[in-house]
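See structure below.
The values are calculated or read from the model by the stated rules, or taken from the named source; none is laboratory data. Computed from a prediction, not measured in an experiment: that's the story for all the values here. Cβ: placed from backbone, ideal geometry, glycine included. Neighbour counts: every protein chain shown. These accessible areas exclude ligands, DNA and RNA; they are computed on the full protein's heavy atoms, side chains included. Shrake-Rupley method; radii C 1.70, N 1.55, O 1.52, S 1.80 Å.
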Amino acid sequence: MTHPDAVVVVGGGLAGHTAVATLRSCGYQGRITMVTREPEAPYDRPPLSKELLSDASFEPALNPRLDYLDVDLRTATAAVGIRRGEVLTETGSVPFDAAVLAPGLRARRLPAGPGAPPARVLRTLDDAVRLRAELVPGRNVLIAGAGLIGAEVATAAAAAGCRVAVVGPEFGPALDAAPAAVLDAVRGWYGERGVELTIGTRVLETTPAGVLLSDTGFRPADVVVAAIGGEPATSWLRGMQVVLDPAGFISTDEYLRTPLPGVYAAGDAVAWRSSRYGVDMHLEHWHHAAESAQVAARNILGSAETYDPLPYFWSHQLGHSLHYVGRHDPGDTADISPAETGTAGNSTAGNGTAGNSTAGNGTARNGTDARSGWSVTWTRGGRPTAVLAIDAPHLVRRARKVLDAATQPELGAAR
Ligand SMILES: Cc1cc2nc3c(=O)[nH]c(=O)nc-3n(C[C@H](O)[C@H](O)[C@H](O)COP(=O)(O)OP(=O)(O)OC[C@H]3O[C@@H](n4cnc5c(N)ncnc54)[C@H](O)[C@@H]3O)c2cc1C
């Protein structure tokens with residue numbers, strides 16, 4: 001297989017960076033151009049909420065740095081279209097033989113009422129620097145959204161001495177449909193840090209002095225942060241020969257190929273065909289961004305790899321770590337275990353017997369206060385579908401193995 005002469009990567013996030021690094025590590029010596037909207041070279045996003053909000057000196061660099069990878073890096077340049085063999089940008093067109101589309105997400109915004117300042121968001125380095133400047137002791141910070149980023153921002157704001165409230169319709173990924181005992185424990189984490197948590201309420205819009213809530217109306221706040229998810233940054237691809245799904249994600253086959261010859265997609269913005277789950281999937285997590293970009297880059301160089309990962313993410317929030325592997329549905333049965341005997345790899349997982357699965361109805365089989373952490377295993381028809389390890393990162397490797405075996409497509413399981 002001959003290698004393409006020129007590759008264009010659209011998007012300078014983790015997926016774009018990993019695509020470049022993979023091409024070079026596989027020995028690709030042709031021309032690589034990276035077109036990215038942000039003014040910076042690629043950097044890592046998880047530290048924005050975990051380190052940078054608290055530590056101004058933290059540098060969220062990616063390894064290896066792009067300067068070692070021989071790339072024509074075009075920062076502050078947006079792609080505005082694509083057609084066969086060329087990416088159109090604000091400053092002209094860039095020809096390619098192969099391309100990786102990795103534009104990621106943009107933060108979803110809260111509506112701003114008349115005269116109200118927009119809520120802060122946290123997606124970029126610039127967002128993080130601006131938000132950090134607002135986290136002043138005594139300030140009244142209201143965070144819309146109780147997902148991963150909402151919880152991480154709350155952690156930083158509380159540590160900075162702010163008075164913090166988190167308001168959201170539900171808990172975020174992994175905690176949705178978690179047993180009541182888990183949610184009680186998570187509520188306790190907020191309480192221990194003095195963060196007020198309200199679940200079951202939406203922030204409707206910002207006002208000049210706070211926000212409007214869906215149930216109790218006006219609530220004052222000095223700083224409002226919208227941590228309400230993101231939307232694929234793909235409006236520039238509408239009407240092109242690349243197919244977008246109804247939510248705007250870039251549709252690909254299981255090789256991450258779009259219908260345009262030589263054009264692949266990777267990262268948060270891609271929706272690919274998963275044989276494991278029998279659905280078109282998208283994920284918005286670090287490992288997915290890196291691994292999908294690796295597969296896309298290798299396929300550009302002639303591999304024929306399908307992409308079919310087990311979903312995985314981690315989060316550090318309110319002094320606790322969460323690691324989640326797999327994919328559960330609200331109807332799956334949940335079983336809580338202390339980490340020492342965690343079901344993430346014990347004999348009940350994957351052998352067709354669900355063990356003592358009492359926690360789906362909110363009753364924990366074991367306490368959630370084991371000092372070395374605990375885990376939740378979801379099962380369906382006796383097979384494990386997902387594992388959430390809380391303060392027990394060591395369970396992840398075993399959980400991956402068990403879940404990988406249990407969700408192989410030929411078993412027809414866990415769909
Ligand atoms: C604050 C924060 C904390 C996170 N923490 C975790 C965590 O703990 N665990 C975890 O698993 N995941 C975490 N994530 C998610 C993880 O960082 C993302 O999944 C990952 O960054 C996605 O990479 P990406 O390259 O697909 O997209 P992005 O990182 O969004 O990069 C896309 C890039 O493309 C650029 N772009 C967009 N449109 C265009 C265009 N038209 N032309 C040119 N360039 C364009 C964007 O400006 C951006 O630079 C976190 C994310 C954030 C924001």
message = Based on C-alpha coordinates, I'd like the Rg and Dmax of the range 224-323, in Å.
response = 14.8, 48
message = For the pair S57/A209, report the inter-label distance in nm, with labels modelled 7 Å from Cα in the Cβ direction.
response = 4.1
query = Could you give me the ³J(HN,Hα) list for the range 113-129, computed from phi with Karplus coefficients 6.51, -1.76, 1.60 and θ = phi - 60°, whole Hz, x at Gly and Pro?
reply = x, x, x, 8, x, x, 5, 6, 10, 9, 10, 10, 4, 4, 4, 5, 5
ask   = Sequence-distant or interchain residues sharing an amide H contact under 5 Å with A99, placed H: which?
value = V8, V263, Y264
remark   = For the range 109-228 the mean separation of alpha carbon contacts under 8 Å (6+ apart) over residue count, i.e. relative contact order in percent, is 35
key: A180 paired with A247, simple spin-label distance in nm, labels 7 Å along Cα-to-beta-carbon   = 3.0
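So what is the relative contact order for the chain, in percent, with contacts set as C-alpha pairs under 8 Å and at least six apart?
15
What per residue convex hull volume, in Å³, do the alpha-carbon atoms of the chain yield? Mind showing how you got there, number by number?
Values: hull volume 61.0 nm³, N = 415.
Once divided by residue count, the hull of the chain is 147 Å³.
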inquiry  = If I compute solvent accessible area with a 1.4 Å probe over the protein chains, what percent of it on the chain is carbon and sulfur?
reply    = 49
key: Sparse-neighbour loop sites [GluC sites (Glu not before Pro); the range 278-325; at most 13 other C-beta within 10 Å; DSSP]   = E305
key: Value of [θ]222 nm, deg cm²/dmol, for the chain, DSSP H segments ≥ 4, -39500 (n - 2.57) each, nearest 500   = -5500 deg cm²/dmol
task = Above 20 angstrom, tally the Cα pairs of the range 109-228 and express them as a % of all pairs, no decimals.
result = 38
remark   = Residue by residue through the range 308-323, the couplings from Karplus 6.51 cos²θ - 1.76 cosθ + 1.60 with θ = phi - 60°, in Hz, x for Gly and Pro, are 8, x, 7, x, 8, 8, 10, 8, 10, 8, 6, x, 10, 10, 10, 10
query = Per-residue HN-Hα couplings for the range 176-192, Karplus 6.51 cos²θ - 1.76 cosθ + 1.60 at θ = phi - 60°, whole Hz, x for Gly and Pro?
reply = 5, 6, 6, x, 4, 5, 5, 5, 4, 5, 5, 4, x, 4, 4, x, 4
Accessible area of the range 109-228 divided out per residue, in Å², using a probe of 1.4 angstrom = 41
query = How big is the charge dipole of the range 191-256 about its Cα centre, in debye rounded to the nearest 20, if each Lys and Arg gets +1 on its Cβ and each Asp and Glu gets -1 on its Cβ?
reply = 200
ask   = Mind checking Rg over Rh on the range 178-235, alpha carbons, Kirkwood formula for Rh?
value = 1.06
